[in-house]
Amino acid sequence: MTTLLVLIVLTLAVIAIARVVRILELTSQLSGESEELVTPADNKIHGGLSLVFLFIGLVFIGYTTIRYAHFMLPTPASSQGVEIENLMNVNYVLIFVVFFITQILLFYFAYKYQYNKNRRADYIPENHKLEVIWTIIPTIVLGGMIVYGLTVWNRITAPAPDSAQKIEIYGQQFKWTARYAGSDNILGSANFMKINSSNSLGIDSLDHHSYDDILTNELHLKVNQPTVLYIRSQDVIHSVFLPHFRVQMNAVPGMTTQFFFTPTKTTAEMRKITKNPTFDYILLCNKICGAAHYTMKMKVVVDEAPQYAEWMGKQKTFYETNVMGATPKAVAAN
Ligand SMILES: [Cu+2]
């Protein structure tokens, strides 16, 4: 309600200002002055205002950057994340340098070169040296950024080693399920034809690799263990987003996408780093996938090996929950 009132007041203020300007125009017409006439005093005021605007803008940028810095992600929690973070930082530095140089020059020039009837502008139809400089510098800088970015991308999307832990992340409207490959480290095959109310992932119960698979609603990762996520979707495009690990990959129906990374900081370590005793890693859906998209998240825990083994020991396998559990019913049905 307050927002609406503020908007109404602002709209009325704009209309009022427009009317006042119109009245001023009409009075100047009546008094015989030309409305386009710009006096040297006007030029001075506008030139000065450019400097004031530049100063206010710079102070505002500095203030908001410091004031809202805590909304930035904490230090990356995976080895791949460190590379992405460095790439981002190099980009930020370049963008900030170019931003400050161009904005300062823009407003300073508006002040310095305000109209002066005694000054004539130089006529420079072409200047090869200048054109070569402003072509070559951006070419080198942007070319360097592309090469650097592609190198990082190739490294972080390199194939996972065989020893990497395999976990499936399955998205559906509106939840995530994690499936661990179990002691054989091979995920059992799955097929959408096998999806039913007790098997939403469509896991093939005839494939013996699926017997030791473990389905969970929480993603536990072992610290310093290379981990590869195989990502599937049941219905629409979702996106697996693990901001603290700087990981993101789409979940696309009909295909399996993947992302390989190594978590390097346990949840306990990250709680110390963020000075937040209730901090938890999170896996979010980062594609607007429907009405309850915002609820589509899963808690992520990075454990030391013993805690990880303890948690894993408490989980039930697909064989225990679906195959063994389903057999008596199947027999009874026959
Ligand atoms: Cu989603």
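The values are calculated or read from the model by the stated rules, or taken from the named source; none is laboratory data. This structure is a prediction, so every number in the text was calculated from the model and none was measured. All Cβ positions, even for glycine, are placed from backbone atoms using ideal geometry, and neighbour counts span all protein chains on display. For accessibility, only protein heavy atoms count, side chains too; no ligands or nucleic acids. Shrake-Rupley method; radii C 1.70, N 1.55, O 1.52, S 1.80 Å.
Summary of values
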quantity	calculated
Residue match in the range 46-58 (condition: in contact (Cβ under 8 Å) with a residue 40 or more places away in the chain and open to solvent by 90 Å² or more (accessible area, probe 1.4 Å))	yes
Residues located in the range 291-301, provided they are open to solvent by 60 Å² or more (accessible area, probe 1.4 Å) and either of a type in the set (A, V, I, L, M) or assigned to a loop (DSSP other than H, G, I, E, B) (or both)	291
Residue 288 being surrounded by fewer than 18 Cβ atoms within 10 Å (Cβ to Cβ) and within 16 Å of the ligand (Cβ to nearest atom)	yes
Positions within the range 241-282 being part of a helix (DSSP H, G or I) and within 16 Å of the ligand (Cβ to nearest atom), in sequence order	243
Verdict on residue 224 being at pLDDT 85 or above, closer than 30 Å to residue 90 by Cβ, part of a loop (DSSP other than H, G, I, E, B) and touching a strand residue (DSSP E or B) at 6+ places or on another chain (Cβ under 8 Å)	yes
Extreme residue, nearest to residue 282 (Cα to Cα), among residues of the range 204-240 that are within 13 Å of the ligand (Cβ to nearest atom) and buried (at least 19 other Cβ atoms within 10 Å of the Cβ)	240
Unique residue being closer than 30 Å to residue 109 by Cα, of a type in the set (Val, Ile, Thr) and open to solvent by less than 90 Å² (accessible area, probe 1.4 Å) when the list is 27, 75, 39	39
